[in-house]
Amino acid sequence: MISPDKIVRSRRRTLSVSVDAFGRVTVRAPLQCPDAHIFAFLAQKEDWIRRQKDRAAQSSVVLPTDCLEGYRFLLLGREHTLRLYEGTRIRYDERSATVFLPAEKARERLVQWLKRNARRIFSAVASRRAAEMGTSYPSLTVTSAKTRWGSCSYNNALHFSFRLLYAPVAVIDYVVVHELAHTFHKDHSRAFWATVGRYVPDYPAKREWLKEKTLLMEIF
Ligand SMILES: [Zn+2]
């Protein structure tokens, strides 16, 4: 039997159930709906709910707890491990995909390091792609945005969340091309997507990857 994590009652006529990226089950129900109806409804939907929960479990995004020792997360799409140590500098070992982090102010130091690397990598991709696309931008800023991977402002200034660094290079490349395409089209019109598609033909797969991994937005 499935029991919901949350029941939200409101002035609605029908029952609905949703499963979020963490596998939590929320039921929306009419104000006077008896619990027995809710459980019968969930029993009917049990197979679907189980499939959604399995999918959430496989998304392999685990949020960090207070202690970062041993925490595993994606960097450029590859799983990395954090190791705390008594040093003063962050050390990166590419072969073993390990980031050695000074134990003091570990989280703060890590975010600074991620932002620095994000800036270096996104800038390199953006300058190469801008040249190919025949466009330019006045500035590129790395932000801590949690709701969008990138944006392009009215004056073509580019902004990217440092969390985009968790994505594979091909996905980063798509987001950069997407924002650069906004220097030509300030909307998501057909013309806009045609421009994106010219430089990243399989962009739907990249969008899908980002959609499946929205939980990465919550890491650090
Ligand atoms: Zn856009």
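Details
- Shape class of the chain from the Cα gyration tensor (axes a ≥ b ≥ c, square roots of the eigenvalues): oblate, since a/c reaches 1.5 or more and a/b does not exceed b/c.
- Take every Cα pair under 8 Å whose residues are at least 6 apart in sequence, average their separation, divide by the length of region 54-147, and the relative contact order is 15 percent.
- Average accessible surface area per residue within region 108-218, 1.4 Å rolling probe, Å²: 48 Å²
- Reach of K186 by Cα under 24 Å, taken over lysines that are not fewer than 8 positions away in the same chain: K146, K206, K211
- Calculated [θ] (222 nm, deg cm²/dmol) that DSSP helices of n ≥ 4 give over the chain, each run adding -39,500 (n - 2.57): -12500 deg cm²/dmol
- Counted by Cβ distance under 14 Å from A205, the other residues give a net charge of 0, where Lys and Arg count +1 and Asp and Glu count -1.
- Applying 1/(1 + (r/R0)^6) with r as the Cβ-Cβ distance of A124 and E69 and R0 = 45 angstrom yields a FRET efficiency of 0.90.
- Mean-position separation - Cα centroids, region 174-220 and region 48-92, in angstrom: 25 Å
- Remark: relative contact order (the chain) = 14 percent; criterion is Cα-Cα distance under 8 angstrom and separation of 6 or more residues.
The values are calculated or read from the model by the stated rules, or taken from the named source; none is laboratory data. For clarity, every value in this text was computed on a predicted model and none was experimentally measured. Please note: Cβ atoms are built from the backbone with ideal geometry, for glycine as well, and neighbour counts cover all protein chains shown. Accessible surface is based on the protein model in full, side chains and every heavy atom, while ligands, DNA and RNA are left aside. Shrake-Rupley method; radii C 1.70, N 1.55, O 1.52, S 1.80 Å.
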